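Heads up: the structure comes next, in structure tokens.
Since every read-out is calculated from the coordinates, none of them should be taken as a lab result. All figures in this text were calculated on a predicted structure; none of them were measured in a lab. Every residue, glycine among them, receives a Cβ derived from its backbone with ideal geometry; neighbour counts consider all protein chains shown.
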Amino acid sequence: MSFLPFFCACRTALAIGALLVAQTGAFAARPARAADAPAVIRIETSDYDLSAEPSYGVAAGIFARHGISLEIQSAIEGGANMVRDVAAGKADVGFSNLISIAGAIQAGAPIILIAPAGLYDRQSPPNAIVVAPNSAIKTAKDLNGKNISSPSGPGSAGALAPAAWIDQHGGDSKTVHFVTGIKPADLPAALASGAVAAGEVGDPQLTMLLQLGAVRTFAAPFDAEGDHYLLAGFVASRAWVSANPDVAHRFVAAMTETAHWANTHRAETGTILAAHLKLTPPVMAAMSRTLYAETLTPETIAPPLATAVKYGVIKPMTADELLAASAF
């Protein structure tokens, strides 16, 4: 599912704002001539604010101004799946969490980290560990030996942050069992039945469940990795970049411009997100909104890599090494 069916309705409202977007970017992109056919980029992403920059950029006309037409493809949920699709040539660009990206590059996958996505900010966490409203769980130690629902399972970014949080707060993550396959809408029933003692869920589903009184917030697990850092990014096929260096540079420039526009046009992006996900005004008003990184920097990349190395999810790798491996 993509955001594209909603773009036509949003274009008129966004046109004036889009004209005001600053022409910024780490790379100088060649403006597309009117006679040029737009370069088509096949991209896989998820239906979350964290990964919605491509959709916002299309709606604002940013990619069109850079001579790019994005073909947003449906994908199996999960960053590792999109990395595999890009490496296999099923897509030119794909969204993934930073840890899956680093692990894939270390394993020799023919991909590079081409652009950043959303940032984590302790002041506005986009997800939480939740428990049943009447749960007796009060401390991290109470989770020892328990089942926790995770969107992506052991060894992933989605399970790594809760494990780090549990250990930092007096529990023992080695005794915790991370369970996959429970959808956010089914989590309250799983909590009530005792199938899991807690679950990790992100916005907007988190806000929906809280407003229904179906769960209560227990912890913000990604606090364990730092206060402000990069959660995810977009990878590109190394073969595609080598064959289309000009288009790749234009994509990076368009993403930089889109990040700035999205960060300064919350109302417009909120309209797009609400229409696509059918979110009510109370949910939109209460949910966490993503701040997007405009460039890739070692400072924002380092925290999640350090946690992943500590837990043996990836081999030792610095932020500078990841950026060097992704240079083009």
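Overview of results
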{"item": "Helix-only [θ]222 nm of the chain, DSSP H runs n ≥ 4, -39500 (n - 2.57) each, per residue, nearest 500", "result": "-11500 deg cm²/dmol"}
{"item": "Positive dipole terminus of the range 127-225, leading residue within 185, 128, 157 (C-beta point charges)", "result": "185"}
{"item": "Angle in degrees between helix 266-277 and the longest Cα principal axis of the chain, rounded to the nearest 10", "result": "70"}
{"item": "Peptides ranked, highest mean first, by Cβ atoms within 10 Å: ranges 105-113, 248-256", "result": "248-256, 105-113"}
{"item": "Nearest-ten-degree value, helix 7-19 long axis tilted from longest Cα axis of the chain", "result": "70"}
{"item": "Cut-off 15 Å between beta-carbons: net charge of the residues surrounding residue 87, Lys and Arg +1, Asp and Glu -1", "result": "+1"}
{"item": "Full-stretch length increase - residue 286, residue 47 - with 0.36 nm per residue and alpha-carbon distance subtracted", "result": "84.2 nm"}
{"item": "FRET efficiency for residue 239 and residue 311, using Cβ-Cβ distance with R0 set to 51 Å, rounded to 0.05", "result": "0.95"}
{"item": "Percent of beta bridges antiparallel (DSSP, the range 127-225, rounded to nearest 5)", "result": "60"}
{"item": "Difference of contour (0.36 nm per residue) and Cα-Cα distance, residue 325 to residue 228", "result": "32.6 nm"}
{"item": "Shape call, the range 90-188: gyration tensor on alpha carbons, a/c limit 1.5", "result": "prolate"}
{"item": "On Cα atoms only, tilt of 157-168 relative to the major axis of the chain in degrees", "result": "40"}
{"item": "Length gained when the stretch residue 278-residue 246 is fully extended (0.36 nm per residue, less Cα-Cα span)", "result": "7.8 nm"}
{"item": "Largest-first principal axis extents, alpha carbons of the chain, Å", "result": "65, 44, 30"}
{"item": "Sequence ranges 315-325, 157-167, ranked by mean other-Cβ count within 10 angstrom, highest first", "result": "157-167, 315-325"}
{"item": "Cα-based shape type of the range 189-321, given that a ≥ b ≥ c are square roots of the gyration tensor eigenvalues and the cut on a/c is 1.5", "result": "oblate"}
